[in-house]
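Student: Okay, handing you the structure first.
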Amino acid sequence: MVTRISLVTGASFACVLGPFSFGASAQYYIGAQAGWTGLPYQTDTIEGQRPVPVRFNAGYNVGVRGGYQLGPWRFEEEYSHRRNGVAEYDESPRGVSGNRHTNSIMTNVIYDLSTGWPITPHIGVGIGAMNVFDGLKVPSSGLVFNDSSWQFAYQAIAGLRYDINPVLTLDLDYRYLATTESTFGIPNTALHYRTGANTNNFVASLTYRFGAPLPTDAPSTPAPPLP
């Protein structure tokens, strides 16, 4: 399934970039990112049983991204990893251990809103694929969850950018990253359960842009006089 999703996102990326030329005005960039991830109250729906609430501790995210900027538009590929520990399962925190972590590959389109100030706001969207891993042990009930699933993923982006210098920038983003519902199997049983992985992410990233930006108001060089 991940192969099909990767092909779809790659094709989408190519279609978006099609109308734009790869001229000298494009600035390629790479960046590293890290931050805080919140996984709101989730509900595990086990076949034939009542829905079970699961509460998670605050977690973290790390990742890398690369792409190019053409005018106010940024087109990028992003890999990121998130991890949240389980705090409570079905209102019974004693002895519960485990985590839910995810790995995502996203294609993002971001638009910078020019204000004339050193700090520039931006908005964006992304689509891609996410691998959701669930690992949980509940001694009181004898349940052990240990499975993963690839799902379609989507995100909304809003943030601020500060140009430290012509090639180095700092971004502070809020990113809502979610997936379609995952279905997992419970080891040593014939049971399955469904759950979500909708995350709130606050992300700080440092980006390096290759090459200085082209001047927009440089005077043209006069032609040499004819002999």
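Laboratory data are not the source of any read-out in this text; all were calculated from the coordinates shown. Keep in mind that this is a model prediction, so the values were computed, not measured. Neighbour counts run over all protein chains shown; Cβ positions are idealised from the backbone, glycine included.
Student: Just rank 88, 76, fewest to most, by other beta-carbon atoms within 10 angstrom.
Tutor: Result, fewest neighbours first: 88, 76.
Student: Suppose R0 equals 30 Å. What FRET efficiency, 1/(1 + (r/R0)^6) with r the Cβ-Cβ distance, do residue 190 and residue 154 give to the nearest 0.05?
Tutor: The calculated FRET efficiency here is 0.40.
Student: A follow-up question, please. Rounded to whole Å, give me the distance from the Cα center of region 33-103 to that of region 175-194.
Tutor: Going from one Cα centre to the other spans 13 Å.
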